[in-house]
Structure formats: structure tokens, C-alpha cells
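> Encoded as C-alpha cells, here's the structure I'll be asking about.
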Amino acid sequence: MATPPVFSAGAVLTAAQMNAVGLWLIDEVSLTTITNNISNVFSSDFDNYRIVMSGLNNASTTTRQISIRLRTSSDDTSANYYGQIQFAYGAAISGFVSQNATTSAELFSMSQSTPAGNSATFDICGPQTATLTTWYGQRWAYQSNVATFVAGTFWGCMNTSTQYTGFSIIGNTDNLSGTVRVYGYRK
């Protein structure tokens with residue numbers, strides 16, 4: 001197993017040391033509204049990205065959908081989003097959702113939780129290339145409609161060849177809170 005590099009304050013770093021870094025933090029955004037635009041995070045510097053959403057909460061105790069839209073200067077609302085969601089609570093797989101030609105892609109559902117511990121992690125592949133953009137990930141979130149925490153996976157694509165520069169996380173009807181970190185995978 002490779003040993004991660006250790007950096008010291010004031011040390012001069014070589015190209016070899018910097019090139020050993022696998023993920024690069026591009027941006028950290030606090031969610032505060034219904035539609036949270038995360039702009040100018042995709043570039044030709046990276047092909048694929050890791051999105052880490054933590055401390056998520058919404059302003060309602062009602063279970064709400066959390067969705068994504070890809071964006072350039074504005075959100076792409078064309079009906080070209082496709083996806084699948086699988087989720088479970090208790091002892092068995094509990095549900096499956098399919099989305100075809102929608103104007104945004106649902107990632108998962110969640111309700112207000114105390115403490116705010118809802119989270120999701122997912123990869124976005126190829127948003128800056130003129131090819132299909134895909135994503136896949138997992139989540140852990142409280143849902144009041146089933147009165148427990150729900151685990152799940154989600155995956156999908158944007159069926160266009162647009163070169164996107166960012167994305168929006170949408171709370172659909174309620175303000176969101178939490179943190180989104182965007183990392184670029186080393187090529």
C-alpha cells in the first residue's frame with residue numbers, strides 16, 4: 001500500500017510530491033437555500049470528481065427529495081436526466097425508483113434530523129468532456145415517512161454532450177443546510 005505524502009509547514013514541495021496527491025479539494029460550499037448553485041468546479045484539469053455532502057438537513061420534518069441539475073452558466077433543465085435509486089431500511093431492500101427523461105435527477109430523499117447527520121457521497125464522471133455525464137453514489141439519511149434512517153445507492157446520467165462547469169443541489173420545496181465538498185480525481 002502506498003504511503004500518503006506528509007507535508008510540513010514551510011517545506012518546499014517537489015512536483016513528485018504534489019503529483020502523489022490523489023484527490024484535490026476544488027471547492028467547499030455551505031448549503032443555505034432550496035437551489036444551491038455550485039459553479040465553476042468542473043474544468044479540463046480533471047476528468048472525474050468526488051462529491052461529499054455532510055451534515056445535511058432540510059427545513060421540514062416531512063420527507064423531501066434531494067435532486068441534482070448540471071449547469072454551465074445556468075441549470076440545464078432539458079428532459080435528458082436518467083437514473084435509478086435503490087434504498088433499504090430494516091432487513092430487506094425496500095424500494096426502487098426509476099427516472100427517465102426528467103428535468104432533474106433525484107439523488108435521494110431525507111427529512112430533518114437531530115443532529116444533522118444526513119450524508120451522501122458520489123462520483124461524477126466526464127462532466128467537462130463532450131460525452132455522456134454519469135454519476136453513482138450512496139447516501140445515509142433519516143426519512144420521517146418510515147421513521148428511521150435509510151441507506152441507498154443512486155446512479156444516473158445526463159444524456160447530452162454538453163461540457164458542464166458545475167451543478168446545483170436542489171431541496172425541491174425546503175431550504176437545505178450542510179456542506180458540499182467537491183474533489184477532483186488525479187488523472
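The values are calculated or read from the model by the stated rules, or taken from the named source; none is laboratory data. If you're wondering where the values come from, they're calculated on a predicted model, not measured in any experiment. Cβ coordinates were reconstructed from backbone atoms using ideal geometry, including for glycine residues, and neighbour counts include every protein chain displayed.
> Go through the stretch 117-161 and report how many residues are more than 18 Å from Ile85 (Cβ to Cβ), buried (at least 17 other Cβ atoms within 10 Å of the Cβ) and in contact with a Leu (Cβ under 9 Å, 6 or more places away or on another chain).
Here the count works out to 2.
> If the requirement is being surrounded by 12 or more Cβ atoms within 10 Å (Cβ to Cβ) and in contact with a Cys (Cβ under 9 Å, 6 or more places away or on another chain), which of these qualifies: Gly83, Gly95?
On inspection, the qualifying residue turns out to be Gly83.
> Give me a count of the residues in the stretch 29-54 that are of a type in the set (Phe, Trp, Tyr), modelled with pLDDT of 95 or more and not in a strand (DSSP E or B).
1
Okay, residues lined up against (1) polar (S, T, N, Q); (2) without any contact (Cβ under 8 Å) to a residue 40 or more places away in the chain; (3) over 15 Å from Val150 (Cβ atoms); (4) not in a strand (DSSP E or B):
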site: Leu56; (1), (2), (3), (4): no, no, no, no
site: Ser60; (1), (2), (3), (4): yes, no, yes, yes
site: Arg69; (1), (2), (3), (4): no, no, yes, no
site: Ala79; (1), (2), (3), (4): no, yes, yes, yes
site: Gly83; (1), (2), (3), (4): no, no, yes, no
site: Phe96; (1), (2), (3), (4): no, yes, no, no
site: Asn100; (1), (2), (3), (4): yes, yes, yes, no
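> Let me ask something else about it. Working only within the stretch 123-170, note down all residues that are in a loop (DSSP other than H, G, I, E, B) and among the hydroxyl-bearing types (Ser, Thr, Tyr).
Thr129, Thr131, Ser144, Thr160, Ser161, Thr162, Tyr164, Thr165
> Just need a number here: residues in the stretch 149-185 that are in contact with a Phe, Trp or Tyr (Cβ under 7 Å, 6 or more places away or on another chain), over 13 Å from Ile124 (Cβ atoms) and either modelled with pLDDT of 95 or more or not hydrophobic (A, V, I, L, M, F, W, C) (or both). Steps first, answer last, please.
Let us first name the residues in the stretch 149-185 that are in contact with a Phe, Trp or Tyr (Cβ under 7 Å, 6 or more places away or on another chain), namely 149-152, 154-159, 164-166, 182-185.
This time we only want the ones that are over 13 Å from Ile124 (Cβ atoms), so: 149-152, 159.
Among the residues that remain, those that are also either modelled with pLDDT of 95 or more or not hydrophobic (A, V, I, L, M, F, W, C) (or both) are: 152, 159.
Of the residues in the stretch 149-185, 2 are in contact with a Phe, Trp or Tyr (Cβ under 7 Å, 6 or more places away or on another chain), over 13 Å from Ile124 (Cβ atoms) and either modelled with pLDDT of 95 or more or not hydrophobic (A, V, I, L, M, F, W, C) (or both).
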